[in-house]
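A short write-up of the structure that comes next.
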Number of protein chains: 2
Amino acid sequence: MLNQEFIDSLKQLVGEDRCTFSPEDMVAYSYDANPEKRAKPEGVVSPLNREEVSEIMKLAYRYDVPVTPRGGGSGYTGGCIPVEGGIVMAMDRFNRILEVDKDNFLVILEPGVVVKTLQEEVDKIGLMYPPDPASTGFATIGGNIAENAGGIRAVKYGVTKHYVMGLEVVLPNGDIVKTGSKCIKDVAGYNLTELFVGSEGTLGVITKAVVKVVPKPEARRTMTATFSTLEKAAEAVSAIYATGVRPATLEFLDRISVEAVEKAIGFGAKPEEGALLLMEVDGSDHALDSEVEKIQAACEQCGVITFRKAESDEDREDLWKARRALSFALCEIATEWEDDDISVPIARIPKMIRKLDEIAERYNIIIANFGHYGDGNIHIGMTTGKDGGPFPKQAKQDVVKAVVELEGRIAAEHGIGCVKVENLHWNIDEPTMKMMRSIKALFDPKGLLNPGKVMLKG
Amino acid sequence: MLNQEFIDSLKQLVGEDRCTFSPEDMVAYSYDANPEKRAKPEGVVSPLNREEVSEIMKLAYRYDVPVTPRGGGSGYTGGCIPVEGGIVMAMDRFNRILEVDKDNFLVILEPGVVVKTLQEEVDKIGLMYPPDPASTGFATIGGNIAENAGGIRAVKYGVTKHYVMGLEVVLPNGDIVKTGSKCIKDVAGYNLTELFVGSEGTLGVITKAVVKVVPKPEARRTMTATFSTLEKAAEAVSAIYATGVRPATLEFLDRISVEAVEKAIGFGAKPEEGALLLMEVDGSDHALDSEVEKIQAACEQCGVITFRKAESDEDREDLWKARRALSFALCEIATEWEDDDISVPIARIPKMIRKLDEIAERYNIIIANFGHYGDGNIHIGMTTGKDGGPFPKQAKQDVVKAVVELEGRIAAEHGIGCVKVENLHWNIDEPTMKMMRSIKALFDPKGLLNPGKVMLKG
């Protein structure tokens, strides 16, 4: 229960209209995109500026109140769920793009700006903000930075951390720190920026960011290629990389995913097609035809069954159809799926898929795999099917073990949050975990900022 | 003076042949590429493996002995100079490339490997390690990581931090931590890797690294373009960027640099040519002709005086001649130069150059500017000339102030080291500095690891 003095002080600080403690309101702040995890806060506050964030943190520290920052609430691992109660700090008022500096390829903005808003704003003047997770329409840049979000263009353009040049962050003690700069080359002091990126809001509250943008590619080409097996597709990927062409997007669907989509929307997959690659190249229009030819030749070397090229925007939509229909198609197999987001060194994707096949067989479950082949990132969906009974939780642990055996990571782009916190030790050994805990304790000695996330208390 | 017990323990730990305390030997470990800074250690030890590094750190902690790690000793800011005495930890025995993983575009190696050795090793199998500082022939990868080295390809390929995927680091307390992974997408725990990159060996001793490599570009093209002024060159750079072409290299020489080189080697510069751009594009052979055309058109729009394209390797060497001859050419103006390495947001280079011109006038000195235009990184040479008397130190402070006025950084790619440590506060405000000091104290409570570097004690 929140202390009444704390509540009164908070109301006095931000005014009654920017904080709420009513039980009904709490529901809206109790979840993210994870289907299972739920926890209600005891209060919600929407600060207006960094000074308020700082005062709220100091107040929370005085009264030992947990504070959970929240952006768009679109995460998959419960990173913004207030598992220890306390207050949610909703960053929705921090929604301004402060400056678009075209000459220096920079944007200065507040964390509550929706990623798509940023993308559309810079698109108007011929620039691109590359990180492109599926949730761009509602995820905020602050959440993307906190989770180091990835997306479909990471294979060529990298992930969110590659675009964050500087941050303004309020620390749990109320100090306001400024990290990084507007300069591409910057070795002045420790790199605190990238310590905050991906720290899931456990070290400080982001109140401003400087992000890098790039010239928008002149053109792009979209292709799909199908193969009998994922091993064959993997050979094609190696052959493509050997040509020196770096696709901007390199997505894959495994056999179960392909079959599900075929059943759902009939996109023309033949029974022998057990793997699909969806690829895009972008850059100077002049160069792309030759890149497409190289990719096609590489696929043909490796036994491609069907190779399709988009000749128009309509064609492109058509090629994306299978990938886009996937979530819907999988609902035909089962309404309840256990999802996971993992990564392995790229060349080990086929091995990982074989291990997943073994797990499916071991537990008599269905596993559908798809995701970002080009950066080794697999999204795994597991289910016992429509009438299959309860999901064998042990299968999830087997996935973790398989990931670790291949030197992969249990979290690729969706964070650890509170959902995977008990598994982090599979990736992080004890001396390193100890150092991470010390860093957390240094920034947040009382453990009040987004508690229960990233790692267990020591 | 080193405690005799410490010396005896160290000898026992590594054997007499891998440590030395003789005054003559100390000279070799007292300097780096900085012409002024010198400080001798009291002992030098060359550990063979991480366990020895760990034991040495523990021993140093027991006896309060400063430890300064050293790679190739090619830094410019005294990062490896043992300013507080103690021992130098020479990483020369850590010189093995442990694994080249072609399929996953990774190399695992020890920190004492010379950067050029790494580059040549991967070149043999069609791969490239992009960071390319001028010192690749003798700088080590450990030193490059510690300093977050840049170089001439950063404009397209980024700096060292973009290629470090994971590290093994021995902490001052002897703990061995493992950061990062072999995976492109990895959000498992805090990003400690990038906290170590650029921390100049003040937080831990790197004993192993996983670095990313990329497919070697199929081809490249080299061009030079001259303009009447750097402002004109700057317009051309904006026009080039607007085409979407991203050069791999975009170097510049200002008027004094151009004139010096012309005088020294006669490369054909006309008196009206007051700025030179040296550019390279790389990628698929097919695409490059069109990129060169676009660059040429952009330069022509902006009043280029002479545009040259290399048609052969010989031509390329010829175009690089002016850039390569620069150090030598500047020696004709003066033998003693005060060098600096700064960066500004790229579009502000002309403004920065104007400020430098004003400083030159104010103190009646000569300032030659050159460097990596594409990433806003200016190398500044300042001198009073051959018989010009002592250098006015205040001019250096004026440079710092000019940098700060343009939101630039006082250190771009050469580190802070011990040379710029008193100026860091110009870039880092007090709350942020306090956090950096706390991080240093967390890792190294006694302040024994590479003391006197990066920042002043609080």
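Quick note: the coordinates plus some simple rules give every number you see, no bench work behind them. Keep in mind that this is a model prediction, so the values were computed, not measured. FYI the Cβ positions are ideal-geometry reconstructions off the backbone, even for glycines, and counts take in every protein chain you see.
Quick rundown of the values:
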| quantity | calculated |
| --- | --- |
| Environment charge at B:Tyr31 (Cβ cut-off 10 Å; Lys +1, Arg +1, Asp -1, Glu -1) | +1 |
| Within-9-Å neighbourhood charge of A:Lys208 [Cβ basis; K, R +1; D, E -1] | 0 |
| Cα centroid separation - segment A:417-434 against segment A:115-190, whole Å | 25 Å |
| Computed over segment A:97-215: relative contact order in percent, which uses C-alpha pairs under 8 Å that are six or more apart | 32 percent |
| Helix A:349-363 axis, angle to chain A major axis (alpha carbon atoms, nearest 10°) | 80 degrees |
| Helical mean residue ellipticity (222 nm; -39500 (n - 2.57) per DSSP H run of 4+; nearest 500) of chain A | -10000 deg cm²/dmol |
| Net charge of neighbours whose Cβ lies under 14 Å from the Cβ of A:Phe94, counting Lys and Arg as +1 and Asp and Glu as -1 | +1 |
| About the Cα centre, charge dipole magnitude for the protein assembly as shown (Lys/Arg +1, Asp/Glu -1 at Cβ), debye | 1200 debye |
| Ascending count of other beta-carbon atoms within 10 Å, so fewest first, for B:Leu98, B:Leu192 | B:Leu98, B:Leu192 |
| Lys, Arg +1 and Asp, Glu -1 on Cβ, resulting dipole of segment A:380-458 about Cα centre, debye, nearest 20 | 340 debye |
| Nearest 10 degrees, 0 to 90: helix A:430-443 Cα axis against chain A principal axis | 40 degrees |
| Inter-copy spacing of A:Thr335 label points, which lie 7 Å from Cα along Cα→Cβ, given in nm from shortest upward | 8.7 |
| Greater than 31 Å apart at Cα, pairs in A:Lys309/B:Lys232; A:Lys401/B:Lys453; A:Lys102/A:Lys446; A:Lys232/B:Lys212 | A:Lys309/B:Lys232; A:Lys401/B:Lys453; A:Lys102/A:Lys446 |
| Placed amide H near B:Asp341: partners under 5 Å, 5+ positions off or other chain | B:Ile380 |
| Exposure proxy order (Cβ contacts within 10 Å, fewest to most) of B:Ile353, B:Ile305 | B:Ile305, B:Ile353 |
| Förster-model FRET efficiency, 25 Å R0, A:Lys263 and A:Glu361, C-beta, rounded to 0.05 | 0.70 |
| 0 to 90° range, to nearest 10: angle between helix B:230-242 axis and chain B longest Cα axis | 80 degrees |
| Simple Cβ-charge dipole of segment B:221-312, Lys/Arg +1 and Asp/Glu -1, about Cα centre, in debye nearest 20 | 120 debye |
| Nearest-0.05 FRET efficiency for A:Ala134 and B:Glu336, computed from C-beta distance (R0 56 Å) | 0.45 |
| Burial ranking of peptide ranges B:152-158, B:51-57, A:197-203, A:2-8 (average Cβ count within 10 Å, highest at the top) | A:197-203, B:152-158, B:51-57, A:2-8 |
| Under 5 Å, built H, 5+ apart or other chain: amide partners of A:Leu127 | A:Lys216 |
| In sequence order, calculated HN-Hα J values of segment B:34-51 (Karplus, 6.51, -1.76, 1.60; Hz; x Gly/Pro) | 6, x, 10, 6, 9, 6, 8, x, 9, x, 9, 10, 10, x, 9, 7, 4, 5 |
| In sequence order, calculated HN-Hα J values of segment A:271-284 (Karplus, 6.51, -1.76, 1.60; Hz; x Gly/Pro) | x, 7, 8, x, 7, 10, 10, 10, 10, 10, 10, 9, x, 6 |
| Long-range HN-HN contacts of A:Met165 with modeled amide H, under 5 Å | A:Val210, A:Val211, A:Lys212 |
| Separation in nanometres of the label points that stand 7 Å from Cα toward Cβ, at B:Gln12 and B:Arg220 | 5.3 nm |
| Cβ-Cβ FRET estimate between B:Glu317 and A:Glu99, R0 fixed at 35 Å, reported to 0.05 | 0.20 |
| Order of A:Ser46, B:Ser22 - criterion: other Cβ atoms within 10 Å of each residue's Cβ, fewest first | B:Ser22, A:Ser46 |
| Inter-chain Cβ neighbour average for residues A:241-253, partner chain, 10 Å | 2 |
| Karplus-derived HN-Hα couplings along segment B:111-123 (A = 6.51, B = -1.76, C = 1.60, θ = phi - 60°), whole Hz, x at Gly and Pro | x, x, 5, 6, 4, 5, 4, 4, 4, 5, 4, 7, 4 |
